[in-house]
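Student: This is the structure I want to talk about, given as structure tokens.
Every number here is computed from the coordinates shown, using simple stated rules; none is lab data. Predicted model only: the values in this text are computed from it and were never measured. Methodologically, a virtual Cβ is constructed for each residue, glycine included, from the backbone with ideal geometry; neighbour enumeration extends over all protein chains shown.
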Amino acid sequence: MERHEQRVVRVPSLDGVTRERFLRDVYPRREPVVLKGMELGPCTTKWTVDYLSQAAGSKEVKIHVSAVPQMDFLSKNFVYRTLPFDVFVRRAAEVKHKDYFLSEDEKYYLRSVGEDVRKDIADIRKQFPVLADDVQIPEYFEKEQFFSSVFRISSAGLQLWTHYDVMDNFLIQVTGRKRVVLYSPRDVPYLYLSGTKSEVLDVDNPDFEKYPLFVNAKRYQCYLEAGDVLFIPAMWFHNVISEEFGVALNVFWKHLPAECYDKSDTYGNKDPIAASRAIQILDRALKTLEELPEEYRDFYARRMVLRIQEKAFRNDYG
């Protein structure tokens with residue numbers, strides 16, 4: 001039987017990185033890195049299940065509930081349910097549930113949102129102000145670049161689908177342990193995309209018959225312990241598994257000028273305006289090619305690919 005293996009690269013870790021060093025040595029490289037020894041405030045020791053339940057109280061939250069550990073946003077193999085926050089936290093910390101929606105070993109996931117998801121961004125200072133006082137967010141970007149701070153809680157064993165975001169972000173692991181698998185933007189041809197998400201759900205045991213090119217994607221990997229901060233540059237794909245019940249905070253900021261982003265985007269996952277416009281133009285061009293016979297369609301499509309490669313592809317990737 002033919003053996004398939006992806007190349008695996010360990011994401012580097014750096015201790016005690018100052019803002020100056022991050023901006024000078026780390027940020028310009030546009031590659032993920034784990035920052036250790038960061039000053040995050042009392043949250044890393046304070047945020048126990050009991051404290052979280054008390055501090056955030058019975059405010060209702062909308063959560064993802066999945067009967068299986070691997071959540072798939074494309075097939076929507078989960079349901080949305082609403083619970084009081086204190087009830088949700090205690091359930092998410094359990095392995096087996098006495099009270100449940102789907103099954104006694106169902107998994108829970110909270111991704112905080114604004115009060116009005118159509119207008120408001122996620123901001124821990126607004127949705128969970130008591131908890132926000134416990135966190136010292138590394139401000140390694142200008143204040144006007146800030147976009148959102150997304151509060152997340154995951155059951156042990158929960159795995160999130162592979163996707164990319166259009167803004168830079170810090171994944172702050174407050175409690176618990178996570179494994180993060182990442183793929184470079186340059187490996188887009190191998191990831192079988194549907195929008196911003198990869199169709200390859202199981203990155204550890206992929207179906208290479210269905211996804212033969214996936215073997216060519218270089219896999220970057222790291223483990224986050226409580227207090228670690230992972231820098232994920234925009235457009236880097238990431239797949240996250242919570243090895244333990246844990247709490248995290250994503251802080252997103254605008255790497256591009258503010259006018260490049262869609263002002264109606266409250267989640268921070270819409271492509272930049274120029275990119276969306278270019279994709280729409282491409283879709284129209286491809287539809288126009290359908291007017292030609294197959295032989296001509298193939299020829300002119302190849303010419304278009306060459307034009308794109310000449311004008312847009314970078315050749316400085318290693």
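Student: What's the angle, to the nearest 10 degrees (0 to 90), between helix 273-289's Cα axis and the longest principal axis of the chain?
Tutor: 40 degrees
Student: Looking at the chain as a GNM with Cα springs under 10 Å, which of Pro257, Pro293, Pro189 has the largest mean-square fluctuation?
Tutor: In this elastic network of the chain, the residue with the biggest mean-square fluctuation among Pro257, Pro293, Pro189 is Pro293.
Student: Sticking with this structure for a sec: State log₁₀ I(q)/I(0) for the chain at q = 0.08 Å⁻¹ as given by the Debye formula over alpha-carbon point scatterers of equal weight, solvent excluded.
Tutor: With no solvent term, the Cα-only Debye profile gives -0.41.
Student: I'd like the orientation of helix 294-312 relative to the chain: the angle between its Cα long axis and the longest Cα principal axis, in ° from 0 to 90, rounded to 10.
Tutor: With rounding to tens, the tilt is 60 degrees.
Student: Compute a Gaussian network model of the chain, connecting alpha carbons closer than 10 Å, and tell me which residue from Arg219, Arg302, Arg125 fluctuates the most.
Tutor: Arg302
Student: Please turn the phi angles of the stretch 78-89 into ³J(HN,Hα) values with the Karplus equation 6.51 cos²θ - 1.76 cosθ + 1.60 (θ = phi - 60°), one per residue in order, whole Hz, x for glycine and proline.
Tutor: Taking θ as phi minus 60°, the curve returns 9, 10, 9, 9, 10, 9, x, 4, 5, 5, 4, 4 Hz for the stretch 78-89.
Student: Given charges of +1 on the Cβ of Lys and Arg and -1 on the Cβ of Asp and Glu, with all other atoms neutral, how large is the dipole of the stretch 257-306 about its Cα centre, in debye to the nearest 20?
Tutor: On the way: 8 positive and 10 negative charges, 27 e Å.
So the dipole magnitude of the stretch 257-306 works out to roughly 140 debye.
Student: Measuring from label point to label point, each 7 Å out along Cα→Cβ, what is the Val9 to Ser276 span in nm?
Tutor: 3.1 nm
Student: Next up: May I ask which of Lys76/Lys197; Lys59/Lys126; Lys76/Lys107; Lys119/Lys263; Lys59/Lys98; Lys107/Lys178 have a Cα-Cα span longer than 19 Å here? Could the numbers behind the result be given before it?
Tutor: Numbers: Lys76/Lys197 12 Å; Lys59/Lys126 13 Å; Lys76/Lys107 14 Å; Lys119/Lys263 10 Å; Lys59/Lys98 22 Å; Lys107/Lys178 15 Å.
Violating the 19 Å limit, Cα to Cα: Lys59/Lys98.
Student: Among 273-279, 202-208, what's the highest-first ranking by average C-beta atoms within 10 angstrom per residue? Could you put the intermediate results ahead of the total?
Tutor: Details: 273-279: 12.1, 202-208: 13.7.
Top of the packing list down: 202-208, 273-279.
Student: Taking the Cβ-Cβ separation of Val68 and Glu209 as r and a Förster radius of 22 Å, what is the calculated FRET efficiency to the nearest 0.05? Before the final figure, lay out the partial values.
Tutor: Values: r = 22 Å, r/R0 = 0.99.
Efficiency for this residue pair is about 0.50.
Student: Using a Gaussian network model on the chain with a 10 Å cutoff between Cα atoms, which of Arg29, Arg179, Arg297 fluctuates the most?
Tutor: With Cα springs under 10 Å in the chain, the top fluctuation among Arg29, Arg179, Arg297 is at Arg297.
Student: Set the Förster distance to 30 Å, then compute FRET efficiency between Ser75 and Lys287 from the Cβ-Cβ distance, nearest 0.05.
Tutor: The pair Ser75/Lys287 has a calculated efficiency of 0.65.
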